[in-house]
1. If packing is taken as the average count of other Cβ atoms within 10 Å, what order do 307-320, 368-381, 473-486, 248-261 fall into, highest mean first?
2. Multiply the residue gap between Arg239 and Gln303 by 0.36 nm, knock off their C-alpha separation, and tell me the result in nm, one decimal place.
3. Using protein chains only and a probe of 1.4 angstrom, how many square angstrom of Glu506 are accessible, to the nearest 10?
4. Within 12 Å, Cβ to Cβ, of Gly385, how many net charges do the neighbouring residues add up to if Lys/Arg are +1 and Asp/Glu are -1?
5. Just the accessible area for Thr365, please: 1.4 Å probe, Å², rounded to the nearest 10?
6. What is the dipole size for the chain, taken about its Cα centre, with +1 at each Lys and Arg Cβ and -1 at each Asp and Glu Cβ, in debye to the nearest 20?
7. For region 1-42, run through the GluC sites (Glu not before Pro) and keep only the ones in DSSP coil with at most 10 other Cβ atoms within 10 Å of their Cβ.
8. Accessible area per residue for region 460-499 in Å², computed with a 1.4 Å probe and the full protein assembly in place, what is it?
Amino acid sequence: MTDEAYWTDSGGETGYPRLDGRGRADVAVVGGGAAGLWTAWELARTGRRVALLEAGRIVEAAKGGGAGQASMIQTLAYDRIARTAGPDAARCFAEAQALAVERLAQVAQALDADCELERRPAYIYAADEHALPELHEEWAAAIEAGVPAVYGAGSGLPSAMLGAMSVEAQLQFHPRKLLLALARDLVRRGSTVYEHSRVVTVDEGEPCVVMTESGGSVAAEHVVVATGFPIAAPSAVRRALRPRRELLLAGPVSAGQAPDGMYTAVGDLGASVRTAPLADGAGGAAGADGADGRRMVVISGEQHEPGSGGIAERYARLSAWAAAAVGLTDVTYRWSAQDYATPDHLPVIGRASAAPDRRGVWLATGFGGWDATNAVLAGRLITAGIRGERLPAWAGPFAPIRLEQDLRPEDTWSGPVRSIVRHRVEPDERQALDAIRPGEGAVVEVGGEHCAAYRDESGLLRMVSALCPHRGCTVGFNDAEKTWECPCHGSRFAPDGALLQGPAVEPLAPARAYLALAAAE
């Protein structure tokens, strides 16, 4: 079993250059995930010269491609949106999602993307009686919003579905193959993709300038920030975004055993399920049912807050469910995905702020785990906005300015409470460190400092500060992926503190208490 995403392993490699020196473009796009690539591609289609910058490799950082499904129905979206933003916003959301599904199919065909695109019914289902009331309310809200959803007992999963709502002819696809096709086409149109080019600052002047950690820069009239947590955004947007992670598994099952549709669970029981053509080996071509009559099944679930811990146990529960529900006993891939959600459950797409000095910055974030359709919408709306076109009526609820209007006085960042370092190691602190076994990590207070302590497989103890350099929140340990994760904004770090994923732009600082501990040995 590998911890690499199935889509990454089976979707081909990239080798775009790093940004060195200074450059110019009409638009700089920060972030090489779905939203960044769709937006960059739509802009390139209009003749804009686009520079897309990604901290690592494109289509790898936060999601590994997620689950790769585009659907009008998305867990409990319509009921939640209607309650928080109103029925009109829910109707706008429905219209936008329907357009995005068809736009995705149109573009995949036009680019001849070979992304395993399949039309399948999408289901939202309840696996236990406690979830049925929520499902009923979601169906009623979806119908009110104009979604052609049908309610019934549901079918296609070996496990019991006590109730389900469904919409026909939605999409499942290989997300990496589609997004890499967008990247190739935008480069063919004269734009540029840069990898290993982490943006650390955005100067919102005229022109805007984005600067990378290696000293490279791009000057542009417009900057699109299409990362999970935006490096440049009004405080109201930053306060509204909440990170969430989920786990994914993939493995082969017989074609006869593979579920026919795409299934998303509500409630505490169940998980999300879809299948894909099985590649001949990790990166080979895929047939409809694989060379040996099998399909790959992809399971996602166990949503949690970054840094909450217990990830190995969560993987075990998800694996047990997959074996019982769809007969997946040979898990060959496991990975995790991260996204951000907003209080009103609507994406954040559009000009960052109405302030005159910020009119060159645009945002695409807050997709709540459903990036396939919302990334398509980001490409369309931001491109239209930059071109000065009139936006469609359904675009209003997505505008970032709504979060500034809804900001309450109590929604303020108070900052972290930092400890005073005593530079002395007490006996009970030494005992807490000794209790950390090889391959494990824990946040411990040593010498008055909160330290992220990890003992590697050789027994060597490594300690760094447990305070995330982004806003000072205390990180938690992911025992399955061996990473430190920030629960506030989703930054992730290696055991030695090296930065893996933003919004932080610096590693975890060395632990001052570690020096005191070493001196005491």
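1. On the way: 307-320: 17.1, 368-381: 25.9, 473-486: 22.0, 248-261: 19.8.
Ranking, from highest mean packing down: 368-381, 473-486, 248-261, 307-320.
2. Values: separation 64, 0.36 × 64 = 23.04 nm, distance 2.06 nm.
So the extension gain works out to 21.0 nm.
3. That residue has around 100 Å² of solvent-accessible surface.
4. Numbers: positive: Arg351, Arg359, Arg380, Arg387, Arg390; negative: Glu42, Glu389.
After counting each charged neighbour, the total is +3.
5. 10 Å²
6. On the way: 50 positive and 65 negative charges, 277 e Å.
It comes to approximately 1320 debye.
7. Details: sites: Glu4, Glu13, Glu42; in loops: Glu4, Glu13.
When the GluC sites (Glu not before Pro) of region 1-42 are filtered for loop state and at most 10 Cβ neighbours within 10 Å, Glu13 remain.
8. Details: 1120 Å² over 40 residues.
Ligands and nucleic acids excluded, the figure is 28 Å² per residue.
The values are calculated or read from the model by the stated rules, or taken from the named source; none is laboratory data. A quick note: this is a predicted structure, and the numbers were derived from the prediction, not measured. In this analysis, Cβ positions are derived from the backbone assuming ideal geometry, glycine residues included, and neighbour counts consider all displayed protein chains. Just so you know, the surface numbers come from the protein's heavy atoms only, side chains and all, with ligands and any DNA or RNA stripped out. Shrake-Rupley method; radii C 1.70, N 1.55, O 1.52, S 1.80 Å.
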